[in-house]
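The values are calculated or read from the model by the stated rules, or taken from the named source; none is laboratory data. The structure presented is a predicted model; accordingly, all values stated were derived computationally and were not measured. Here the Cβ positions follow ideal geometry from the backbone for every residue, glycine too, while neighbour counts run over all protein chains shown. Calculation scope for accessible area: heavy atoms of the full protein, side chains included, ligands and nucleic acids excluded. Shrake-Rupley method; radii C 1.70, N 1.55, O 1.52, S 1.80 Å.
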Amino acid sequence: MKFIFPQNYNFKAKLLGFIDYTTLILNIVWGLIIFAFVYIFIPSITFKIAIFIVLFLPLALISIIGFNHERFIYILAYIYNYIRSPKIYLYKKY
């Protein structure tokens, strides 16, 4: 069986069809950083779990839900560019 895809079709490789691999790697790295920080500095297991969930869950939810099917890395780049120079976006004449 052959499938014909149009030339303007943008195929993105995603894990389980909803999260792309660069965002997944970013989530894993962020989770490992939080886990290491919590494991070293916090003694109580319930407090460890609560801190991990509070710090990891927002990024995970934003990366799964997404912003108009945009990659999360690009969104972080847009936010960084805006923080670095907001006048370009606020005072730009068309």
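Things worth noting here:
- In Å², nearest 10: area of ILE42 left accessible to a 1.4 Å probe: 30
- Rough spin-label spacing in nm, given labels placed 7 Å along Cα→Cβ, for LEU55 and PHE37: 0.3
- Sites TYR78 and SER44 - FRET efficiency at Förster radius 35 Å, r taken between beta-carbons, to 0.05: 0.40
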